[in-house]
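Below: the structure, in structure tokens.
The values are calculated or read from the model by the stated rules, or taken from the named source; none is laboratory data. Given the structure is predicted, the values throughout are model-derived calculations rather than measurements. Don't worry about glycine lacking a Cβ; one is built from the backbone with ideal geometry, like all the others, and counts go over all protein chains shown. Just so you know, the surface numbers come from the protein's heavy atoms only, side chains and all, with ligands and any DNA or RNA stripped out. Shrake-Rupley method; radii C 1.70, N 1.55, O 1.52, S 1.80 Å.
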Amino acid sequence: MISVRKLTKRFGDQEILRGIDLEVAERDVVAIIGPSGSGKSTVLRCLNFLEAPTSGEIFIAGERLGYEDDGRGGQRRRREADLNRQRAEIGMVFQQFNLWPHRTVLENIIEAPILVRRQPPDAAIAIARALLEKVGLLAKQDAYPSTLSGGQQQRVAIARSLAMQPRMLLLDEVTSALDPETIREVLDVIKALAVEGMTMLLVTHEMAFAREVAHRIVFMDEGRILEEAPPAEFFSRPQHARAKAFLDKVL
């Protein structure tokens with residue numbers, strides 16, 4: 001589903017990603033962990049082409065993301081309409097909820113399917129209501145974001161991403177802005193999606209949750225992947241010294 005080859009990303013003289021190679025199969029749940037500043041969120045932003053890679057390639061279901069052959073042996077950036085088509089297959093949920101404050105919960109969810117997917121409004125509304133029921137918020141469909149708790153807003157944000165019917169979901173520290181009492185309700189939604197077979201990459205500091213829901217742990221530091229392993233193996237027998245030092249501090 002996702003193939004990343006020698007991905008690098010620079011901001012000026014600062015090299016954020018240093019040759020990332022990553023493969024994610026359909027239905028896989030991969031948790032990316034590591035210290036702050038290691039490049040975890042930048043990987044996700046490149047996977048949705050919110051950041052254009054400096055070099056390297058990303059393939060989504062066999063199609064190169066962001067670029068295409070120019071017919072002269074080189075490459076060119078895809079047209080914006082084509083990029084939007086690709087992005088529609090890749091749902092992303094951010095640390096901040098990014099809901100439109102002047103629109104109701106239902107309106108927040110249906111806008112992109114109608115404008116981007118060209119869904120008829122009645123169909124978009126039906127899908128949105130089904131998703132709100134899935135995340136336990138159907139009763140809030142006419143509420144405005146300011147009246148919701150942080151956990152409720154994040155569940156709406158997840159429903160909004162799912163409304164586009166993406167092939168995969170990228171989740172960037174989706175509990176970091178939440179009160180401890182509301183973290184579990186968001187994690188339960190993500191766990192249910194994993195059980196249903198949604199392909200997911202999640203950047204998280206929730207080590208217990210990563211151990212519980214992920215099929216594979218990817219540990220990053222200083223822009224590189226230093227270790228990949230199943231959760232049971234990674235958390236009990238980390239192979240890289242940096243990974244061991246990290247776990248000794250956070251567990």
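DSSP assigns beta bridges within the chain; of those with both partners inside it, close to 60 percent run antiparallel.
For the chain, the 222 nm mean residue ellipticity estimated from helices alone, with every DSSP H stretch of n ≥ 4 adding -39500 (n - 2.57) and the total spread over all residues, rounds to -11500 deg cm²/dmol.
What is the local net charge at GLY136, summed over the other residues whose Cβ is closer than 11 Å to its Cβ (Lys, Arg +1; Asp, Glu -1)?
0
Of the solvent-accessible surface of region 13-56, computed with a 1.4 Å probe and all protein chains present, 36% belongs to carbon and sulfur. Working from Cα pairs under 8 Å separated by at least six residues, relative contact order for the chain is 27 percent.
Consider all pairwise Cα distances in the chain and report the whole-number % of them above 27 Å.
The calculated P(r) of the chain puts 38 percent of pairs beyond 27 Å.
Here region 96-184 has 52 percent of its accessible surface on carbon and sulfur atoms, given a 1.4 Å probe and all protein chains in place.
Taking every protein chain into account, the 1.4 Å probe leaves VAL135 with about 10 Å² of accessible area, to the nearest ten.
Only lysine pairs 8 or more places apart, or on different chains, with alpha-carbon atoms under 27 angstrom apart are counted in the chain, and they number 11. For the chain, the per residue solvent-accessible surface stands at 48 Å², with DNA, RNA and ligands left out and a 1.4 Å probe.
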